[in-house]
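What follows is a set of notes on a single structure, which appears directly below.
The values are calculated or read from the model by the stated rules, or taken from the named source; none is laboratory data. Small disclaimer: the values here were computed from a predicted structure and weren't measured. With ideal geometry, Cβ positions are generated from the backbone for all residues, glycine too; neighbour counts draw on all protein chains shown. These area figures cover heavy atoms from the full protein model, side chains too; ligands, DNA and RNA do not enter into them. Shrake-Rupley method; radii C 1.70, N 1.55, O 1.52, S 1.80 Å.
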Amino acid sequence: MEARLNLFANPLAAKSLKHLVAAGRAFAESTLPASTAELVKLRASQINGCGVCTDMHTKDAAAAGETATRLHLVAAWREATVFTDAERAALELAEQGTRIADAAGGVTDEAWSNAAKHFDEDQLVALVAVIAFINTFNRLNLIVRQPAGDYRPGQFA
């Protein structure tokens, strides 16, 4: 498989991606646990079928110490006993925020309230941003058919 566009070689794409990545780094500096952010990125990427982001966030999470068991169970988080209540709330918000078109009302008040029980306002801002950003990157990669599998942890750091 070959990408339709080389997002790294095109000057306009590179400039745009640089700004997106810079904005994302601001949220990475929040008090939202990095492990929660990685789980959310992985789940949204799975839902969207983005191989590049699934590859990246699985490998980055593993390199940061996430267990293989938890990574394998992200897709089935509701039935898995390895996630905290806060992580479950974040994963639910990520799923609903990713599947907005599937639900006429978007994110439910129940999902929002549950997340707000576990995260302070700054963490909620970061969580919402992480969900929005990963969905943006998923769509970019899917539209251009970016091939997956050769990512190295920290490659874009």
| said: Give me the helices (runs of 4 or more DSSP H) completely within segment 1-98, filtered to those with at least 3 residues that are more than 22 Å from Ala129 (Cα to Cα), ordered by residue number. | reply: 68-73
| said: Anything in segment 99-114 that is over 15 Å from the mean Cα position of the chain (by Cα) and not in a helix (DSSP H, G or I)? List them, or say none. | reply: Ala103, Ala104, Gly105, Gly106, Val107, Thr108
| query | Looking at this structure, is Lys117 without any contact (Cβ under 8 Å) to a residue 40 or more places away in the chain, basic (Lys, Arg), more than 22 Å from His19 (Cβ to Cβ) and assigned to a helix (DSSP H, G or I)? | reply | yes
| field | Selected residue (only one of Ser30, Ser35 is open to solvent by 30 Å² or more (accessible area, probe 1.4 Å) and modelled with pLDDT under 95) | value | Ser30
| message | Looking at segment 127-136, can you tell me whether even one residue there is part of a loop (DSSP other than H, G, I, E, B) and open to solvent by less than 30 Å² (accessible area, probe 1.4 Å)? | response | no
| request: Only residues in segment 58-69 that are basic (Lys, Arg) count as the first member; pair them with residues that are in a loop (DSSP other than H, G, I, E, B), Cβ under 8 angstrom, at least 6 apart or cross-chain, and list the lot. | output: Lys59/Tyr151; Lys59/Arg152; Lys59/Pro153
| Can you name every residue in segment 141-157 that is assigned to a loop (DSSP other than H, G, I, E, B) and either open to solvent by less than 100 Å² (accessible area, probe 1.4 Å) or touching a Lys or Arg at 6+ places or on another chain (Cβ under 8 Å) (or both)? | Arg145, Gln146, Pro147, Ala148, Gly149, Tyr151, Arg152, Pro153, Gly154, Gln155, Phe156
| remark: The condition of being touching a Ser or Thr at 6+ places or on another chain (Cβ under 9 Å), open to solvent by less than 50 Å² (accessible area, probe 1.4 Å), modelled with pLDDT of 95 or more and more than 18 Å from Gly154 (Cα to Cα) holds, among Gln46, Gln96, only for Gln96
